[in-house]
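Undergrad: Attaching a single structure in structure tokens format; questions to follow.
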Amino acid sequence: MSEKITIETKVLSENDRLAAEIRRTLGDKHILSLNLVSSPGSGKTSLLERTLGALGSTLRMALIAGDVQTENDANRLTKAGGNVVRPIVTGGACHLDASMVTRALAGIDLDRIDVLFIENVGNLVCPSSYDLGEDMKIVLISTTEGDDKPLKYPAMFRRSSVLVINKIDLIGLSDFDIRRAESNALAINGGLKVFEISCRRGDGLAAWYEWLIQQAAIKEAARHKPENRNECADFQGQNIPA
Ligand code: MG
Ligand code: ZN
């Protein structure tokens, strides 16, 4: 038991070290990096297809598509206009880890990229424990799932910055209650930014695109700021009340 915990701790700390390296590399290049997580079939690939179609000439996007088997999703993304698509076939592993992402990034010219999407393996459990060096995790759920998903998999919702609820065109065909799903998610993490979308019909996607462009611009803006000065010196000798 304790041996198992020790090994897991070691694996995760090595992962954290690699993730920090990825975060530094992507940060230096001002690349916005987003880790998409969900159950299988919630619409991660569909959202990326739509995004490529709408923003392909606005943002230079690279996509890493993780799956347990097949390169089907990577092929879909290439067909949707993705110029820089890298499949990761985990061959059984139920999550991506930072070493896989490091290898996938090695073949990408990062000077020609504004946004990196990492489509994780469909799984709401362990992808929450593996930092991939991303700026944000984006968790998707769809209206064909239970609206109690956030309560069942709280770690994923706690560690995500954005919640995308997909397939809102199917609302009413199941017992899924979108207000309940949102309040369940916000009870876990009140800071979640929420999008309600239908990749099939297009609802809500304009707001998603606008947010994405804005986030990429924020990341890019850091490039044009003057060097961060060490301002601690300014406070030396000042009497700062405790
Ligand atoms: Mg997929
Ligand atoms: Zn796993």
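Undergrad: Those residues that are assigned to a helix (DSSP H, G or I) and near ligand 1 (Cβ under 9 Å from one of its atoms), I need them from the range 30-60; list them, please.
TA: Here is the first cut: in the range 30-60, the ones assigned to a helix (DSSP H, G or I) are 44-55.
Hits for the range 30-60 are K44, T45, S46, L48.
Undergrad: So, of the residues in the range 66-78 that are in a helix (DSSP H, G or I) and without any contact (Cβ under 8 Å) to a residue 24 or more places away in the chain, which turns out to be farthest from ligand 1 (Cβ to nearest atom)?
TA: Step one: list which residues in the range 66-78 are in a helix (DSSP H, G or I), which gives 72-78.
Now restrict to residues that are without any contact (Cβ under 8 Å) to a residue 24 or more places away in the chain: 72, 74-75, 78.
Working: N72: 8, A74: 9, N75: 11, T78: 13 Å.
Residue satisfying both the conditions and the ranking: T78.
Undergrad: Among the candidates S33, S46, single out the residue that is at negative phi, hydroxyl-bearing (S, T, Y), in contact (Cβ under 8 Å) with a residue 12 or more places away in the chain and touching a Cys at 6+ places or on another chain (Cβ under 6 Å). So that I can check it myself, show each step before the final result.
TA: Values: S33 fails: touching a Cys at 6+ places or on another chain (Cβ under 6 Å).
From the options S33, S46, the qualifying one is S46.
Undergrad: Give the residue that is nearest to T102 (Cα to Cα), with candidates limited to residues of the range 117-170 that are part of a strand (DSSP E or B), within 16 Å of ligand 1 (Cβ to nearest atom) and aliphatic (A, V, I, L, M). Outline the logic, then answer.
TA: As a first pass, look at the range 117-170 and keep what is part of a strand (DSSP E or B): 117-119, 136-142, 162-166.
Next, only the ones that are within 16 Å of ligand 1 (Cβ to nearest atom) stay: 117-119, 137-142, 164, 166.
Filter once more, keeping what is aliphatic (A, V, I, L, M): 118, 138-141, 164.
Working: I118: 12, I138: 20, V139: 22, L140: 24, I141: 27, V164: 26 Å.
Out of the qualifying residues, it is I118.
Undergrad: Considering only the range 139-168, state which residues are of a type in the set (D, E) and surrounded by fewer than 16 Cβ atoms within 10 Å (Cβ to Cβ). So that I can check it myself, show each step before the final result.
TA: So the first thing to find is which residues in the range 139-168 are of a type in the set (D, E), and the list is 145, 147-148.
D148 - this is the single residue of the range 139-168 that is of a type in the set (D, E) and surrounded by fewer than 16 Cβ atoms within 10 Å (Cβ to Cβ).
Undergrad: Among the numbered criteria (1) modelled with pLDDT of 95 or more; (2) more than 28 Å from I213 (Cβ to Cβ), which one does L77 miss?
TA: The one condition L77 does not meet is (2).
Undergrad: Filter the range 80-131 for residues that are charged (D, E, K, R), more than 12 Å from ligand 2 (Cβ to nearest atom) and closer than 25 Å to F157 by Cα and give the result. If you could, list the steps in order and put the result at the bottom.
TA: Pass one, the range 80-131, residues charged (D, E, K, R): 86, 97, 103, 109, 111-112, 114, 119, 131.
Now drop any that are not more than 12 Å from ligand 2 (Cβ to nearest atom), which leaves 86, 103, 109, 111-112, 114, 119, 131.
Scanning the range 80-131 gives E119, D131.
The values are calculated or read from the model by the stated rules, or taken from the named source; none is laboratory data. Predicted, not measured: the structure shown is a model, and the values here were computed from it. For neighbour counting, all protein chains shown are included, and Cβ atoms are generated from backbone atoms with ideal geometry for every residue, glycine included.
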